[in-house]
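Following: one structure in structure tokens, then a few remarks.
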Amino acid sequence: MSKSNHERRMRYSIRKFSVGVASVLVASFFMGSVAHASGLVKDDSVKTTEIAATNREKENDAKSGWGGIIDGSGKLLGGFSEIKEKLEKEIDESSLTSEQKKSYKEKIVKVKQNDVDGLFGVHREYLNQLDFQYLELSKVEEEFKYQEEQIQRMFEQKGITNEDKDAMLKKIAEIHQEAEKDIKASGGYRDKLNGTKVKFLQNLDKLFTSTKSKFEKEMQELYRKKEAEIVKEKHLEKDKIYDDADVQKLRELEKDALKKLDEAKTNDEALRVKLEFARNVEKNSQQVQKIDDKLQELIKEAKRELEKLNQGIAEVDKLPELPANDSDYMVQKKYIWDEDKETIPKKIAKFKENLGNKTYTKESLQKFIDDCIYYQTHAKIEVMTRKVAGYRKAYPNNPEIEKEFVSHIKQTSSLTYASLENDSLKRYFEKDFAPAFERIKQIVEGLEKPHTPAQPGIENQKPSAPKTEKSAEQPKAGWKQENGMWYFYNTDGSMATGWLQNNGSWYYLNANGAMATGWLQNNGSWYYLNANGSMATGWLQNNGSWYYLNANGSMATDWVKDGNTWYYLEASGAMKASQWFKVSDKWYYVNNNGAMATGWLQYNGSWYYLNSNGAMATGWLQYNGSWYYLNSNGAMVTGWAKVNGSWYYLNANGSMATGWVKDGDTWYYLEASGAMKASQWFKVSDKWYYVNGLGALVVNTTVDGYRVNANGEWVS
């Protein structure tokens, strides 16, 4: 039998045997799976049995091919030397190594004369050696074809470019050729074949890792591109980028996709992750709000508000300044308006500069608009205060004017609108200051109204004789002070009791008519009457505590929102400040000014996070692209933490670590999810590592028959 015929028949037998093996190989993932390793390295007793059966068939074929030399019973008919020569020739022409050929020839020499079974025993051993070699070659061939199909499919799905496809096909062909060469050089020895298989697996795995790294780089480049587009389109300031909802959504998409890519075990999975990420990013981009029109509208609004501010300042300049050394006006003049006159021009100049060089943002424009509205109100108050100063000068010591001035117009160091902003300032001006000014204005108009002259009598009418009795006394009306107490008399002279509205303010007259001051309980609600008797609304400081009176004057309890800030008032009405407290099973913290805290809070050496609704967070928290863990009492965790059966490491700033972490003298590896790896092999940057059950990197030892060096890297 010639070499070509023998090897053709042998390969046919191997192909029949390899059908089961091929199914395992085809199921293996693209470039580097665990299933791949089991298909290439693991020995199987079933395979060995089938090989033996196949060898017996081939041995019988060989015997029948040597017809005339032996009979049906195997008895030698003649030519024992001829049989030996044929076997030696077949061995010489095989792909075995020269060392193996020499070994088999020595075994043939040792076979006793006419010992046909002994001779065929050597032949059987020789065929078995070839079987293992051809079996591994067939596996590599099957895998090579599978990888080619995978690469072609990647190209067809537009996962890689044509250039990438050609480069990968070239690389996989090189790996195939190298594996065939190594298998043939192994001579079928199992230990050498195992080394060849591991090397083949490593080469495929490197190519798979390289492809995943390429996908990861492309995904990160796409993220950076889309983030830059959002920043440019929305004119985001550098420190505001990661607070933007669209950027946060994009970061979430990237983190989720990279986690899935890290977990991908097949080419199809990796490609699906990449394509899905691209689709989601595009969808997110379409949802990004277009704000160029919004910016232009904000610029127009800013210019309109600036014009209003300039008009307000012009109105102020038309009136005489407030007296410089008068304590009644010192706070308004020195500590409010004089400071405004220094600040306003600087803000206007900065606004114009930003317009000129186009460095404005949505946030900076809105801030300037708010500033303009803020100073417009200041200007209105200054105008009204200057007018009131004129009224007081014209009508000195008028009790009604003085009462309104002291209660509502005069600014003091302990009671001033200087610290109010936005809605609080607007509410103060519209609900308190402006109404008081209007009341003073009405009082002045009443004082300035000319008296109607008495109607002249009818001519030629004879005057009557003068009456000797006194004329009736005119009834009392309005406010009257009697025995140190204030009373209010109606126009019919009757004394008022209960609630009274007078000149825009509410008062309460007790049952005896005396005006009430201080705290008043009426119909189940509490009210506060100022020293002048007027009902208080808004914030009130009393006996060291702050209270909030609703628009109807009733004292508030529980949560109160003033402007954009939330406050909490106890059942007594007193505002909580600088403390933790619990409401409906949720913990909250209020600052020393009573404002509900949100965001990060440092308290007694620990960090806490309060959600936008003020409720203290626990468990996992994502903030500015990083993950944090807050324990059951809300404190931010650092160091090691066990959560739901997995270990995580939180850096000194609380952010969750990923990748390599050194704790003391020991290295650990944390997955993209933050979970610590344990009791497993894993690959990082083309190198294999092993961590024990505690997650510690194993160094300078042997694990599962594999050697790891001082860096923990597996060395072949």
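Work out the length of the dipole vector of the stretch 658-716 about its Cα centre, built from +1 on the beta-carbon of each Lys and Arg and -1 on the beta-carbon of each Asp and Glu, and round it to the nearest 20 debye. Don't jump to the answer; show the numbers that get you there.
Details: 5 positive and 6 negative charges, 14 e Å.
So the dipole magnitude of the stretch 658-716 works out to roughly 60 debye.
DSSP loop trypsin sites (Lys or Arg not before Pro) in the stretch 295-333 with at most 16 other Cβ atoms within 10 Å of their Cβ, which ones?
Numbers: sites: LYS300, LYS303, ARG304, LYS308, LYS318, LYS333; in loops: LYS318.
For trypsin sites (Lys or Arg not before Pro) across the stretch 295-333 that sit outside H, G, I, E and B with at most 16 neighbouring Cβ atoms in 10 Å, the list reads LYS318.
So between THR412 and GLN481, what do we pick up on full extension, going 0.36 nm a residue minus the alpha carbon distance? Please list the in-between numbers first.
Values: separation 69, 0.36 × 69 = 24.84 nm, distance 2.65 nm.
Length gained, THR412 through GLN481: 22.2 nm.
Would you mind working out the magnitude of the charge dipole of the stretch 212-287 relative to its Cα centre, with +1 at each Lys and Arg C-beta and -1 at each Asp and Glu C-beta, to the nearest 20 Debye?
Here the stretch 212-287 has a charge dipole of around 200 debye.
Based on a Kirkwood Rh over C-alpha pairs, give the Stokes-Einstein translational diffusion coefficient of the stretch 658-716 at 37 °C and viscosity 0.692 mPa s in µm²/s.
288
Assuming R0 = 30 Å, can you tell me the calculated FRET efficiency for the pair GLU438 and LYS303, based on Cβ-Cβ distance, to the nearest 0.05?
Here the calculated transfer efficiency is 0.45.
Once you charge only the Cβ atoms, +1 for Lys and Arg and -1 for Asp and Glu, what is the size of the charge dipole of the stretch 299-446 about its Cα centre, to the nearest 20 debye?
400
Treat the count of other C-beta atoms within 10 Å as a stand-in for reagent exposure and order ARG251, ARG386, ARG153 from fewest to most.
The fewest-first ordering by Cβ neighbours comes to ARG153, ARG251, ARG386.
How do the peptides 588-598, 388-398 rank, highest first, by the average count of neighbouring beta carbon atoms within 10 Å per residue?
Those peptides, ordered most packed to least, come out 588-598, 388-398.
Tell me, how many Å apart are the Cα centres for the stretch 523-594 and for the stretch 341-383?
33
Over the Cα atoms of the stretch 212-287, compute the convex hull volume and normalise it per residue, giving Å³.
74
Choose one of ILE369, PRO435, GLN332: the residue whose Cα lies farthest towards the positive end of the charge dipole of the stretch 292-438 (beta-carbon charges +1 Lys, Arg; -1 Asp, Glu; about the Cα centre).
ILE369
We did not get these values from a lab; they are worked out from the coordinates using the rules stated. A quick note: this is a predicted structure, and the numbers were derived from the prediction, not measured. Every residue, glycine among them, receives a Cβ derived from its backbone with ideal geometry; neighbour counts consider all protein chains shown.
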